[in-house]
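Note sheet for the following structure.
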Amino acid sequence: MLSRLAMMACLAATTFAPQVASARNFIVAQAVEVQTFDPHGTTETNTLGVIMNVYEALIRRNRDMQIEPGLATAWQVIEPTRWRFTLRQGVVFQDGTPLTVADVVFSLGRAQADTSDARPAVRSIERIDVVNDTSFDIVTRAPNPILLAEIANFYIMSKPWSEANQATLPFTPTRGAGTENFATRHANGTGPYGLVSYEAGQQVKLARNTRWWDTPTNDLTEVVFTPIGSDATRLAALLSGGADLINPIPEQATAQVTANPAFRVVRGARPAVMYLGLNQSGDHPFRDVRVRQAMYAAIDDVALRRVVMRGSALPAGSMIPEGVEGFAPDMARHPATDLVAARRLMAEAGQAQGFDVTLNCTNDQYPQDEAVCMALGPMLARIGIRMASQPESRARFFPRITGGDTRFYLMAWYAPTFDAHHILWNTMHTKGGGNGSWNATGWSNPDFDALVGRVGVEMDPAARRGLIAEANAMERENMVYLPLYQLSLAWGTRAGVDVVLRPDNRLDLRFVTVR
């Protein structure tokens, strides 16, 4: 008997004209629309997953996620704060303009601008010293053990193109930072594909860049990314031949799709934790750590993972997930639900009668995000907290978080560097001066900030892991966040499609083959 989702998918399939892609065309349906095409105007993973096929960085990751040369062919540490890079020769942008060291210098300044969302990737860089036409030194403010991992997300733009199109500064839509310009909807990269067309909220069309410096490993000449927010409609696109790959595949449909030899499900863990953020500023019950502890004790993470997430989520007891440098097994241990302890803590905090609060969450960003949002209300009601859910689009939600316009929020954070420092620095460090950009909790601890600073410069791996563990213990003692579970990934493809499911949920078209 067909599931409700499957029946909806069958109905929705009638709206799709079959577009079975040949080996030269590829159609992707993803739940989240592309925010912008400015590589310095977003950190949103689905958007970067499209942009990375057009723009390139100095280094890149291979199919095993190991670092390899990109626009730089070699590098060496000259001294602890000076790295010398050799620029790849013979590379041209999509418009035919040669790649130069001047483009790298320009891109750094652009990525470090106040309106940039790419600052985490270049946070440690003080300047670039030009050595000659083919070499340059990246000078960091302090030793940086993860420089290569960070600049894998620092994309190089053409200086002449940006200047000619008045796009020398980025526009970040999630913060409304800067002014929308030519680079928001147009692109000129060095990557394997070029941008043909893009309009916000609509499909993105890419075509093979015949000027690409590397050798293609497939014959895909055109790729279309189409945003389809509805699970049923997205599933219908796959089942009807309207898409070759869907991201994500609805969890409730995975068994049905797996059983059909015409399709397959690709799975993988994602280094991202879904968590609750609590704004502790002002005279609010959240300011009392006992209230935060009570809430955590009242939340049934097992029910969230097994029932709401349909078994697709992993346990998490920390903001540092498995798959990230600095993770230790005890960080995955989520404390058991304990309503007796929770009610006692509420009483000790003077909140035996509870209070009212609104939970801000997305309804189009994470798997089952709205369902999780709704499920938390009854759990917290057991200790007197009267929670109203406010699901909204990601376009409204993320500016709310970065602007501090929230008291209580549900979201996830992943580390594109696959290193804990990215999490500690972005979500827990005191906000200000480029630090703590996504810390909407109001929490500030100078000792913690100093510890994060030490993590950022410690070059000894063992000592660094010890500092990360210390920082994690400090955050857990203060219960700054309430980590719920670790996300996993699931894509659906038609048979004959081979892909590499990266843990950051980005689709690298270099590794897509169609038989």
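Would you compute, from DSSP H runs of 4+ residues alone, the mean residue ellipticity of the chain at 222 nm, taking -39500 (n - 2.57) per run and dividing by the full residue count, rounded to the nearest 500?
One gets -7500 deg cm²/dmol as the mean residue ellipticity at 222 nm.
Please calculate how many Å² of accessible area the chain carries per residue, with a 1.4 Å probe and no DNA, RNA or ligand atoms counted.
I get 38 Å² per residue for this part.
R0 = 51 Å: FRET efficiency of ASN25 with ALA102, Cβ-based, nearest 0.05?
That pair, ASN25 with ALA102, gives E of 0.90.
Using the Karplus equation 6.51 cos²θ - 1.76 cosθ + 1.60 (θ = phi - 60°), what ³J(HN,Hα) coupling, rounded to whole Hz, does each residue of the stretch 453-466 give in order, writing x for Gly and Pro?
x, 5, 4, x, 10, 6, 8, 7, x, 5, 5, 5, 4, x
All other residues with a Cβ under 15 Å from the Cβ of VAL34 taken together, and with Lys, Arg as +1 and Asp, Glu as -1, what is their net charge?
On the way: positive: ARG185, LYS205, ARG394, ARG506; negative: GLU33, ASP38, GLU44, ASP117, GLU180, GLU199, ASP364.
My count for the surroundings of VAL34 gives -3.
Once fully extended, how much extra length lies between ALA259 and ALA336, figured as 0.36 nm per residue of separation less the alpha-carbon to alpha-carbon distance?
Here the segment from ALA259 to ALA336 would lengthen by 24.2 nm.
Nearest 5 percent is fine: what portion of the DSSP beta bridges confined to the chain is antiparallel?
Percent antiparallel among DSSP bridges in the chain is about 75.
With only Lys, Arg, Asp and Glu charged, each at its Cβ (+1 for the first two, -1 for the last two), find how big the charge dipole of the stretch 196-310 is about the Cα centre; round to the nearest 20 debye.
240 debye
Around ILE383, with a cut-off of 14 angstrom between Cβ atoms, what is the net charge of the other residues, counting Lys and Arg +1 and Asp and Glu -1?
Details: positive: ARG290, ARG292, ARG343, ARG344, ARG382, ARG386; negative: ASP288, ASP300, ASP338, GLU348, ASP356.
Result for the local shell: +1.
Where does each of 394-406, 139-151, 50-62 land if you order them by average Cβ count within 10 Å, highest first?
Values: 394-406: 17.2, 139-151: 18.8, 50-62: 22.5.
Top to bottom by mean Cβ count within 10 Å: 50-62, 139-151, 394-406.
Mind listing the phi-derived Karplus ³J(HN,Hα) values for the stretch 268-274, rounded to whole Hz, using 6.51, -1.76 and 1.60 with θ = phi - 60°, and x for any glycine or proline?
x, 7, 10, x, 9, 10, 7
Once the piece of chain linking GLN252 and ALA352 is laid out straight, how much longer is it, given 0.36 nm per residue of separation minus the C-alpha distance between them?
32.1 nm
For SER444 and THR134, what does the FRET efficiency come to when R0 = 45 Å and r is the distance between their Cβ atoms, rounded to the nearest 0.05?
0.50
Counting alpha carbon pairs within less than 8 Å and at least 6 residues apart, what relative contact order, in whole percent, applies to the chain?
That works out to 20 percent.
Dipole size in debye (nearest 20) for the chain around its Cα centre, Lys and Arg Cβ +1, Asp and Glu Cβ -1?
Using Cβ point charges on Lys, Arg, Asp and Glu, the chain gives about 880 debye.
Rounding to the nearest 20 debye, state how big the charge dipole of the stretch 144-224 is about its Cα centre with +1 on each Lys and Arg Cβ and -1 on each Asp and Glu Cβ.
Details: 6 positive and 7 negative charges, 21 e Å.
The dipole magnitude comes to about 100 debye.
Order of 211-222, 499-510, 378-389 by packing, highest average Cβ count within 10 Å first?
In decreasing order of mean packing, 211-222, 499-510, 378-389 become 499-510, 378-389, 211-222.
Can you pull the percent of the chain's accessible area that's carbon plus sulfur, 1.4 Å probe, other chains left in place?
Numbers: 10050 of 19550 Å².
So the carbon and sulfur contribution to the accessible surface is 51 percent.
What is the extension gain from PHE182 to ARG141, computed as 0.36 nm multiplied by their sequence separation minus the C-alpha to C-alpha distance, in nm to one decimal?
Length difference between fully extended and current span is 11.5 nm.
With no solvent and one equal point scatterer placed on each C-alpha of the chain, evaluate the Debye formula and give log10 I(q)/I(0) for q = 0.09, 0.10 Å⁻¹, two decimals.
-0.65, -0.81
The values are calculated or read from the model by the stated rules, or taken from the named source; none is laboratory data. The structure displayed is predicted, hence computed values, not measured ones. Reconstructed Cβ throughout: ideal geometry from the backbone, glycine too, with neighbour counts over all protein chains shown. Side chains are part of the model used for accessible areas, which takes the heavy atoms of the whole protein and leaves out ligands, DNA and RNA. Shrake-Rupley method; radii C 1.70, N 1.55, O 1.52, S 1.80 Å.
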